[in-house]
Amino acid sequence: MTFAATILTLYPEMFPGPLGHSLAGRALREGLWRFEAVQIRDFAADRHRSVDDTPAGGGAGMVMRADVVASALDSVAAAGRPVLAMTPRGAPLTQARVRDLAAGPGAVILCGRFEGIDERLFEARAIEPVSIGDYVLSGGEMAALTLLDACIRLIPGVMGAASSGMDESFETGLLEYPQYTRPVEWEGRTIPEVLRSGDHARIAAWRKQMAETDTRLRRPDLWERHEGARVKPPSGAR
Ligand code: SAM
């Protein structure tokens, strides 16, 4: 099964962009994923090809019209793929959701511009609003590229068998342990002795401890969730 991405955008030329390079680019050329970028403007009904209008109730900027975006969306055969809309008002993207998506047939991804899309589109179609973080980008394209990059690297066959990604940050609910490579000494700093010991049990214990410490210090939100899940009583226990 090839992971198929359909991106609805006002800037189709932004795809595959960075995803044409490195790991994702090679996977694209090998047919492990494919994409099509649909120009939303092609579905505008007036001679000016307008896709936006002023916000109801007043205020700055413009809003993408529900009717135009819906026509673009309805022209796409989703074929069992989820329809995602990139928006800061969406649920934050997680590694767990990325892993689900990567294991599926792909995604239809809607990219907003201006002040976003008329809310009625979200009511009228089955759309999952997704945010890539608590900040505002100028358009959904970079967010879509980010989501796709996270998915593509997990598609079977994209990374080598040796690096399944299961050790990485968020997979275990923690940040990954710190990494080092040669030279052994750099600017007076030495790679921790344990990593050079060849003692796999000690290395694993050190990595676990570092992952826990770094998560606790850098991401207290993740740490709290991780600890909450760890100490949760079995269901039915009082
Ligand atoms: N007025 C909107 C708000 O305050 O929620 C922001 C609109 S933003 C300037 C334009 C588009 O960029 C959005 O429709 C969305 O597609 C995309 N975008 C911006 N920030 C994003 C984020 N954090 N995650 C996902 N998409 C984002």
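Read-outs throughout are calculated quantities, based only on the coordinates presented, and are distinct from any laboratory measurement. All figures in this text were calculated on a predicted structure; none of them were measured in a lab.
Select from L222, L28, L93 the residue whose mean-square fluctuation is largest in a Gaussian network model of the chain (Cα-Cα springs shorter than 10 Å). With Cα springs under 10 Å in the chain, the top fluctuation among L222, L28, L93 is at L222. Distances between placed amide hydrogens fall under 5 Å for F35 paired with A5, all partners being 5 or more residues away or on another chain.
Remark on E176: its backbone amide H falls under 5 Å from those of S169, F170, a criterion applied only to residues 5 or more positions apart or on other chains, H modelled at 1.01 Å from N. Restricting attention to the chain, close to 15% of DSSP beta bridges with both partner residues there are antiparallel.
Normalised by the number of residues in region 54-153, the average gap of Cα pairs under 8 Å and 6 or more apart makes the relative contact order 37 percent. Short-range pairs are left out: with C-alpha atoms under 8 Å and at least six residues apart, the relative contact order of region 166-238 is 33 percent.
Only Cα pairs under 8 Å and 6+ residues apart enter the sum, and on that basis the relative contact order of the chain stands at 19 percent.
Calculated mean residue ellipticity, 222 nm, the chain: -9500 deg cm²/dmol, from DSSP H runs (n ≥ 4) at -39500 (n - 2.57) each, averaged per residue and rounded to 500.
Which of rounded, prolate, oblate describes region 110-153, given a ≥ b ≥ c as roots of the alpha-carbon gyration tensor eigenvalues and a/c under 1.5 marking rounded, otherwise prolate only if a/b is larger than b/c?
Oblate, since a/c reaches 1.5 and b/c is not below a/b.
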